[in-house]
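Report on the following structure.
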Amino acid sequence: MPFRDAFHVFPRLTSPRLVLRQLQEADAAACYQQLTHPEVCKFYGNANSIERRSLDSARSAILQANNHFQRKQMIVWGICMQGQEEAVIGRIALQDFTNQTIAELAYWLARPFWGQRIMSEALRRVLSFTCEELELHRIWAGTDPRNLASCRLLERNGFVREGVLRQATYRDDGWVDTAIYSLLREEYMERP
């Protein structure tokens, strides 16, 4: 599927346990509650991040993400359990597309769902879409190197750690390093 064709209708993705769907305004309360949980937001953004300021700002972030989809700049999926599609438990996104060949990956998951390999399942489904359907050349992610769970998630799913950008991100605890991971389409296609 050519890159532009992916943006005619929002790509709803499914996996054995999950449905990845477009976020709606009605999801704002769940997103805001999840992103203001101290453990979830520890490595995600900072207090000034639009999604964490207020319920209204979380709603605005969802509308903004959907507008970015219309402009072919971002795809933001709400993560839901099969049969419970009204309840968003996290988010996974492709953003900052470069020349329709490279995208940044971003994600978070509500605290009660940690340790169940849910994000790994969501990531595998997004990688399948990204590499097999969009045929992007490279997917990359930046994560706080102290976020060991995120580093392991990326490594388990074939991402290679390229290096660390020193004090590249401002979080609630000040300037922090960002570990950069990437996966090339050819590496994904070679995996068993």
(request) Convert each backbone phi in the range 154-162 into a coupling constant with the Karplus relation 6.51 cos²θ - 1.76 cosθ + 1.60 (shift: θ = phi - 60°), then list the ³J(HN,Hα) values in order as whole Hz, x for Gly and Pro. (result) 5, 5, 4, 9, x, 6, 10, 6, 8
(request) Between GLN167, GLN34, GLN100, find the one with the highest GNM mean-square fluctuation for the chain; connect C-alpha pairs within less than 10 Å. (result) GLN167
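Please go through the range 74-164 and write out the chymotrypsin sites (Phe, Trp or Tyr not before Pro) that DSSP classes as loop and that have at most 16 other C-beta atoms within 10 Å. Numbers along the way, then the final one.
Working: sites: TRP77, PHE97, TYR107, TRP108, PHE113, TRP114, PHE129, TRP140, PHE159; in loops: TRP114, PHE159.
Sparse-neighbourhood loop chymotrypsin sites (Phe, Trp or Tyr not before Pro): TRP114.
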(request) Taking only Cα atoms and a 10 Å spring cutoff, compute GNM fluctuations for the chain and point out the largest among VAL160, VAL76, VAL88. (result) VAL160
(request) Express the C-alpha Rg of the chain as a ratio against the empirical globular expectation 2.2 N^0.38 Å, rounded to two decimals. (result) 0.97
(request) Would you pull out the residues with amide H under 5 Å of GLN22's amide H, same chain only if 5 or more places away, H placed 1.01 Å from N? (result) GLY78
(request) Specify the longest stretch of the chain that does not include any exposed loop site, a site being one of the GluC sites (Glu not before Pro) with a non-H, G, I, E, B DSSP assignment and at most 15 other Cβ atoms within 10 Å. (result) 1-84
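Among rounded, prolate and oblate, which fits the range 47-136 when a ≥ b ≥ c are the square roots of the eigenvalues of its C-alpha gyration tensor, a/c under 1.5 means rounded, and a/b larger than b/c means prolate? Provide the component values of the computation, followed by the final result.
Values: a/c = 1.87, a/b = 1.10, b/c = 1.71.
In terms of gyration-tensor shape, oblate.
Calculated from DSSP H runs of 4 or more alone, at -39500 (n - 2.57) each and per residue, what is the 222 nm mean residue ellipticity of the chain, nearest 500? Working shown, then result.
Details: 7 runs with 58 residues, N = 192.
After summing the helix terms and dividing by the residues of the chain, the value is -8000 deg cm²/dmol.
Kirkwood Rh and Cα-based Rg: tell me the resulting Rg over Rh for the range 6-45, rounded to two decimals.
Details: Rg = 13.4 Å, Rh = 12.3 Å.
Rg/Rh for the range 6-45 comes to 1.08.
Each reported figure results from applying straightforward, stated rules to the coordinates on display, with no laboratory input. Because the structure is predicted, anything quoted here is derived from the model rather than measured. Counting neighbours? That spans all protein chains shown, and the Cβs are built from the backbone with ideal geometry, glycine included.
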